[in-house]
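Each remark here refers to the structure printed beneath this line.
Readers should treat all values here as calculations from the given coordinates under stated rules, not as data from a laboratory. Note that the coordinates shown come from a computational prediction; the quantities given were computed from them, not determined experimentally. In this analysis, Cβ positions are derived from the backbone assuming ideal geometry, glycine residues included, and neighbour counts consider all displayed protein chains.
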Amino acid sequence: MASNIRELPAIALSGVNKSYGRNESRVDALKAVNLEIAHGEFVALCGPSGSGKSTLLNILSGIDRPSSGTVMLFCKLLDALNEQQLSVIRGQHLGFIFQSFNLIPVLNALDNVRYPLLLNGRYQKKEARERALHYLNSVGLFHLANRKPGQLSGGQQQRVAIARALAHQPKLVVADEPTGNLDLATGGAILDLLIKINQETGTTFIISTHSAQLKERAGRIVEIRDGEVDEN
Ligand SMILES: Nc1ncnc2c1ncn2[C@@H]1O[C@H](COP(=O)(O)OP(=O)(O)OP(=O)(O)O)[C@@H](O)[C@H]1O
């Protein structure tokens, strides 16, 4: 039974449309999108600015709802879930990485990783601390655990954000332009790290990007143009 479930896609979007606004100001951000992503895939979502990448990431992760169409995430039909149920799924199974890192400036690296674990409700204090240190170590930042974001480089801040995204062992990591604020070399190192994590843990990744580097190395590229998805 479990193996049958595993063979179903991690994510399945069917006929998904998303529009913002009404009448003359209406924007059709996603148009009849069909997309399946298997467990363990490393997918680059590519497209020009305004093509619908963030909208698609928000919809497949249950942050936003489609105007029509269906979204299945880990065999659950998201349309049927209320906000609290969606929030539980995100908290347990999803990790998020953002272009601007989104760390809490007054907390050191350790606490930036540890506090979401405590809020998650599944971890006691001691385990949250151990997990946070373990994941900081796995991104090469154990020795900087006491530094606040302002005392870290951009690449180091993104590593803290990666540790935070991974520390609860999500099934899916959703990253919106994770190398967009980094220089080429630093972005390349972050990319190496994400690919290594994908290969070692089998965590599914979907990453929106403008980066040619990332496009070259992703297992699969999904192009989005003017709200329409096109597989390469
Ligand atoms: N909340 C919103 N209200 C109205 N229009 C929106 C909203 N969010 C996005 N849009 C519009 O939907 C379209 C897709 O936007 P989206 O942010 O998904 O694109 P993107 O590919 O992620 O762009 P970028 O690469 O610049 O981040 C754009 O035309 C955008 O202006």
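Restricting to the chain, what percent of DSSP beta bridges are antiparallel, rounded to 5? Please report the intermediate quantities before stating the final value.
Working: 18 of 37 bridges.
Taking every DSSP beta bridge within the chain, about 50 percent pair in antiparallel fashion.
By what distance, in whole Å, do the Cα atoms of segment 2-231 stretch along each of the three principal axes, largest value first?
51, 38, 37
Fully extended, how many nm does the chain gain between Leu77 and Gln92 (0.36 nm per residue separation, minus their Cα-Cα distance)?
Details: separation 15, 0.36 × 15 = 5.40 nm, distance 1.63 nm.
The span from Leu77 to Gln92 would gain 3.8 nm if fully extended.
Taking 0.36 nm per residue of sequence separation and subtracting the Cα-Cα distance, how much length would be gained by fully extending the chain between Ser100 and Glu200, in nm to one decimal?
Values: separation 100, 0.36 × 100 = 36.00 nm, distance 2.58 nm.
The Ser100-Glu200 span can extend by a further 33.4 nm.
How high is the FRET efficiency from Leu118 to Ile63, r the C-beta distance, R0 22 Å, rounded to 0.05?
0.50
At what distance in angstrom do the alpha carbon centres of segment 3-51 and segment 145-197 lie from each other?
Measuring centre to centre over Cα atoms gives 24 Å.
Exposure proxy check: Cys75, Cys46 ranked by fewest other beta carbons within 10 Å? Walk me through the numbers on the way to the answer.
Details: Cys75 11, Cys46 23.
Going from sparsest to densest Cβ surroundings: Cys75, Cys46.
Using only Cα atoms, find the angle between the long axis of helix 125-138 and the longest principal axis of the chain, and express it within 0 to 90 degrees, rounded to the nearest 10.
Helix 125-138 sits roughly 80 degrees off the main axis of the chain.
For the chain, with the dipole built from +1 on Lys and Arg beta-carbon atoms and -1 on Asp and Glu ones, taken about the Cα centre, which of Gly154, Gln199, Ser14 lies farthest toward the positive end?
It is Gly154.
May I ask you to sort Ile195, Ile206, Ile11 by Cβ crowding, counting other Cβ atoms within 10 Å and putting the fewest first? Before the final figure, lay out the partial values.
Details: Ile195 16, Ile206 26, Ile11 22.
Final ranking by Cβ density, sparse to dense: Ile195, Ile11, Ile206.
Counting only other residues whose beta carbon sits under 14 Å from that of Leu193, what net charge do I get with K and R as +1, D and E as -1? Write down the numbers at each step before the final one.
Values: positive: Arg159, Arg164, Lys196, Arg217; negative: Asp192, Glu200.
Net charge around Leu193: +2.
Relative to the longest principal axis of the chain, what angle (0 to 90°, nearest 10) does the C-alpha long axis of helix 184-201 take?
80
What angle do you read, to the nearest 10 degrees and between 0 and 90, between the alpha-carbon axis of helix 83-93 and the longest principal axis of the chain?
Around 50 degrees separate the two axes.
Cut-off is 10 Å between beta-carbons; in what order do Tyr115, Tyr20, Tyr123, Tyr135 appear when sorted fewest neighbours first?
Numbers: Tyr115 15, Tyr20 12, Tyr123 19, Tyr135 24.
Lowest count first: Tyr20, Tyr115, Tyr123, Tyr135.
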